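Peer 1: Have a look at this one.
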Amino acid sequence: GATPVTIRGKPILPKTGGWIAAFFIFGNEMAERMAYFGLSVNMVAFMFYVMHRPFTSSANAVNNFLGISQASSVLGGFLADAYLGRYWTIAIFTTIYLLGLTGITLCATLKFLRPSQANCNEVSLLLGNCEQAKSWQMLYLYGILYITAFGAAGIRPCVSSFGADQFDERRRDYKSLLDRFFNFFYLSVTVGAIVAFTMVVYIQMEHGWASAFASLAIAMAISNAIFFIGTPLYRHRLPGGSPLTRVAQVLVAAYRKRNASFSSSEYVGLYELPGKRSAIKGSGKITHTDDFRCLDKAALQLKEDGTSPSPWRLCTVTQVEEVKILLKLLPIPTCTIMLSVILTEFLTLSVQQAYTLNTHMGGLKLPVTCMPVFPGLSIFLILALYYSTFVPLSRRITGHPHGASQLQRVGIGLAMSILSVAWAGIFERYRRNYAVKHGYEYMFLTAMPNLSAYWLLIQYCLIGIAEVFCIVGLLEFLYEEAPDAMRSVGSAYAAVAGGLGCFAATIINNIVESITGNKEEDRPSWLPQNINIGRFDYLYWLLAVLSVINFCIFLYCAWRYEYR
């Protein structure tokens, strides 16, 4: 049932799949990530400077865009595993993504879709004296932004799984190939991010917003063409029918037989189809385990069930084990939500920090919006050195053939994220005190010439290391551990955790603002528009404490988990 086929459902040809097919898929992911990060880094500034929205509401809108694009990824995974297959899901949603990017480009191009820029300078922006965007203009922008998020949601859970599908499970070096594939996959993600934080920012500064957003749409169109050109080379997995229906059938069948006993005289055995073929298309059989014994009652075959039982009354062992696996996987991606919270906060708050710092590097002045490129550069460097440096060193310590197991890598990433946010709190405290001491308290858009923005590189590099270990390890873990016919849903777990992290960041910011600020007493919150009178350092320390608690929970979950 898990045998790969061609796009027409026929046996695959000898020269399909492998690294050549994977590289066509890398191109699609690179462009998608370029568009995703290009929007995330530019949209806050676009809403503030062009649509005249307050900085806080602009940042929250972008956080919601990031959250929706990731949290709704489970829909793309469901469609791929149930009905469309991964190829057609990617094909449909990349087209939706391209339409969304085109709509955003039109918003930056056509004057009637944005408010007038006449007599609007930085002082007017800060005082709120610029012409406000009309409600229908903001409705258009939000609508087209969330269409783009919807397109990204359909792609994200499928691309990594579809790329991994290109390798033959029967090869002896399959696990090694899979390990390298996920590292190269995240390398393509990183290259897309670096391009977004450098070239797209440069285009925006030199040629304007319309050209910047148009470059993202053009890149997406080219990547779509490359993806479709590779069609004859791809290996496909048949969709196995609705995974939600199979999960529901297990839960209903287990409930209906909740009072049945394994020692009953009516007990026949645990139900499974005879032979090698699984009842689930696109899946091999899964051996019975003793976890979640209450669910085994869904496969409890009694004499009264007869020879052709309803799947809502009797399920196969494989179907029950699918549900068990999904439940066992759940705690691990849940523990990565805090990493996503930190990444989201860095993406928006560290830009505010950089506005107050000197961004000169020798004779070169880097734009503030280019600062998030440094985590990408650190990721690029780490991935380049991963097999030559980290794997041999860690292999000596752990004895693991790949240097560290998937869960060990996730744990290393979470530990590095704690160091990153702790350093961010230390430096922000120093930066704020420096601003107050040297008379910059109310000059938050003026760079302090004697305090370099490159102190931010420490937190950027640490969070880059955290991403490499945590996200790559998590993607590989979910692909290998998920049931054959639910691998897109399994990959969607990682994206959903990322999306929930974006929403959690917005919720934390709103709670912090409401608790710490009081307009009647003229007391600013920790997160005011003027960063120099705020307490970003307190927020970073709060995130550090939450991350430590989260890390302890992860250690317990990882200790309890047994690999398939």
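The values are calculated or read from the model by the stated rules, or taken from the named source; none is laboratory data. Quick caveat: nothing in here was measured; it's all calculated off a predicted structure. Here the Cβ is made from the backbone with ideal geometry for all residues, glycine too, and neighbour counts use every protein chain on show. The protein model used for the area step is the full one, side chains on, heavy atoms only, and it has no ligands, DNA or RNA in it. Shrake-Rupley method; radii C 1.70, N 1.55, O 1.52, S 1.80 Å.
Peer 1: Could you look through the range 482-493, keep only residues that are out of contact with any Gly (no Cβ under 6 Å at 6 or more places or on another chain) and open to solvent by 10 Å² or more (accessible area, probe 1.4 Å), and pick out the one that is modelled with the lowest pLDDT?
Peer 2: ARG487
To keep it simple, each residue is scored yes or no on (1) closer than 30 Å to PRO4 by Cα; (2) in a helix (DSSP H, G or I); (3) open to solvent by less than 40 Å² (accessible area, probe 1.4 Å); (4) β-branched (Val, Ile, Thr).
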| site | (1), (2), (3), (4) |
| --- | --- |
| LEU419 | no, yes, no, no |
| ILE426 | no, yes, no, yes |
| ALA435 | no, yes, yes, no |
| LEU474 | yes, yes, yes, no |
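Peer 1: Restricting to the range 281-312, give me the number of residues that are among the hydrophobic types (A, V, I, L, M, F, W, C) and part of a helix (DSSP H, G or I). Spell out the reasoning first.
Peer 2: Within the range 281-312, the subset among the hydrophobic types (A, V, I, L, M, F, W, C) is 286, 292, 294-295, 298-300, 302, 312.
Checking the rest, the ones that are also part of a helix (DSSP H, G or I) come to 294-295, 298-299.
The qualifying residues number 4.
Peer 1: Considering every residue within the range 522-535, establish whether at least one is more than 17 Å from THR506 (Cα to Cα), open to solvent by 90 Å² or more (accessible area, probe 1.4 Å) and assigned by the TED database to the domain that holds VAL410.
Peer 2: Yes, the conditions are met somewhere in the range 522-535.
Peer 1: May I pose another question? Among the candidates LEU539, LEU457, single out the residue that is open to solvent by 20 Å² or more (accessible area, probe 1.4 Å), farther than 26 Å from GLY240 by Cα and in a helix (DSSP H, G or I).
Peer 2: Numbers: LEU539 fails: open to solvent by 20 Å² or more (accessible area, probe 1.4 Å).
Only one candidate qualifies: LEU457.
Peer 1: Mind checking whether some residue in the range 186-206 is of a type in the set (Gly, Ala, Ser), out of contact with any Phe, Trp or Tyr (no Cβ under 9 Å at 6 or more places or on another chain) and at pLDDT below 90?
Peer 2: Checked against the condition, which is being of a type in the set (Gly, Ala, Ser), out of contact with any Phe, Trp or Tyr (no Cβ under 9 Å at 6 or more places or on another chain) and at pLDDT below 90, the range 186-206 yields no hits at all.
Peer 1: If you don't mind, another one. Is it fair to say SER405 is over 19 Å from SER340 (Cα atoms) and modelled with pLDDT of 80 or more? Spell out the reasoning first.
Peer 2: Values: over 19 Å from SER340 (Cα atoms): yes; modelled with pLDDT of 80 or more: yes.
Yes, satisfied.
Peer 1: Please go through (1) outside any loop (DSSP other than H, G, I, E, B); (2) in contact with a Phe, Trp or Tyr (Cβ under 9 Å, 6 or more places away or on another chain) for PRO239 and return the number of the only condition it doesn't satisfy.
Peer 2: Answer for PRO239: the failing condition is (1).
Table: residues versus (1) of a type outside the set (D, E, K, R); (2) open to solvent by 60 Å² or more (accessible area, probe 1.4 Å); (3) on the phi > 0 side of the Ramachandran plot.
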| position | (1), (2), (3) |
| --- | --- |
| VAL317 | yes, no, no |
| LYS324 | no, no, no |
| LEU330 | yes, yes, no |
| MET338 | yes, no, no |
| SER350 | yes, no, no |
| ALA354 | yes, no, no |
| THR359 | yes, no, no |
| LEU385 | yes, yes, no |
| SER388 | yes, yes, no |
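Peer 1: Might you check whether a residue that is open to solvent by 40 Å² or more (accessible area, probe 1.4 Å) and touching a His at 6+ places or on another chain (Cβ under 7 Å) occurs anywhere in the range 7-19?
Peer 2: yes
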